[in-house]
1. Kindly indicate whether Val39 is β-branched (Val, Ile, Thr), open to solvent by less than 90 Å² (accessible area, probe 1.4 Å), at pLDDT 90 or above and outside any helix (DSSP H, G or I).
2. Given the conditions (1) open to solvent by less than 80 Å² (accessible area, probe 1.4 Å); (2) within 13 Å of the chain's Cα centre (by Cα), which single one is not true for His49?
3. Is there any pair with a first residue in region 68-89 that is within 16 Å of Arg146 (Cα to Cα) and touching a residue at least 40 places away in the same chain (Cβ under 8 Å) and a second that is of a type in the set (Val, Ile, Thr) and surrounded by fewer than 19 Cβ atoms within 10 Å (Cβ to Cβ) whose Cβ atoms are under 7 Å apart and which are 6 or more apart or on different chains, and what are they?
4. Can you tell me which condition Arg146 does not meet? The list is (1) open to solvent by 60 Å² or more (accessible area, probe 1.4 Å); (2) among the basic types (Lys, Arg); (3) at pLDDT below 90, and all the others hold.
5. Could you list all residues from region 1-18 that are polar (S, T, N, Q) and at pLDDT below 90?
6. Does Tyr120 satisfy being open to solvent by less than 80 Å² (accessible area, probe 1.4 Å), within 26 Å of the chain's Cα centre (by Cα) and modelled with pLDDT under 85?
7. Going through region 22-36 one residue at a time, which ones are assigned to a loop (DSSP other than H, G, I, E, B), over 19 Å from Ala91 (Cα atoms) and either open to solvent by 60 Å² or more (accessible area, probe 1.4 Å) or at pLDDT 90 or above (or both)?
8. Quick test of your reading of the structure: His76 fulfils all but one of (1) more than 22 Å from Arg135 (Cβ to Cβ); (2) open to solvent by less than 30 Å² (accessible area, probe 1.4 Å); (3) in a helix (DSSP H, G or I). Name the failing condition by number.
Amino acid sequence: MPDLLPPNATALERRIETTLKPRFDIDPGIRLVWNPQDVPMHMLPFLAHAFSVDLWDDNWSEEAKRNVTDESLAIHRRKGTQGAIKNALRAAGYGDVNIIDGLDARVRDGSKSRNGRYFYSTYANWARFRVIMTRPVAIYQAAQVRRIIERAGREACELYAVHYDEA
């Protein structure tokens, strides 16, 4: 570790530096510290905070935590898009999802059955969307899924429903 004291340092300051130098003699390498896949696990939450991870859960697996941190910057670049929502859910370990904008509004012409998936109107619900999960999730995960969607989605749009029952 290089000497950081100025040339006019006192003898006391030099002795303190000599005494404390072994405690602070760590060199993890800057690339290691800023890489979510390589950073030591005990430092990952700090890196996640630095990368502005929107949602962090201590119960996630190590792989999910690293993926969420790794994808955070890409999600922030695309925030408000369908891709950001999909990436955020995939990084958290929820798999792929399908997103239907505008509730896929249908006209009442008899071409679709009333099964709760289609909304019958023209443009009244353009700002609403629904998310269809491709795998089931537990009840406690459902609230987390909604929080991830709300944080990655557009402020101008409203999450209408999340369907967990399709495979």
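1. On the way: β-branched (Val, Ile, Thr): yes; open to solvent by less than 90 Å² (accessible area, probe 1.4 Å): yes; at pLDDT 90 or above: yes; outside any helix (DSSP H, G or I): yes.
The answer is yes for Val39.
2. With respect to (1) open to solvent by less than 80 Å² (accessible area, probe 1.4 Å); (2) within 13 Å of the chain's Cα centre (by Cα), His49 is out only on (1).
3. From residues that are within 16 Å of Arg146 (Cα to Cα) and touching a residue at least 40 places away in the same chain (Cβ under 8 Å), the pairs are Ile85/Ile99.
4. (3)
5. Of everything in region 1-18, just one residue is polar (S, T, N, Q) and at pLDDT below 90, namely Thr18.
6. No; evaluated as a whole, the condition is false for this residue.
7. Scanning region 22-36 gives Asp25, Ile26, Asp27, Pro28.
8. (2)
The values are calculated or read from the model by the stated rules, or taken from the named source; none is laboratory data. Fair warning: this is a prediction, and the values are worked out from it, not measured in the lab. Don't worry about glycine lacking a Cβ; one is built from the backbone with ideal geometry, like all the others, and counts go over all protein chains shown. These area figures cover heavy atoms from the full protein model, side chains too; ligands, DNA and RNA do not enter into them. Shrake-Rupley method; radii C 1.70, N 1.55, O 1.52, S 1.80 Å.
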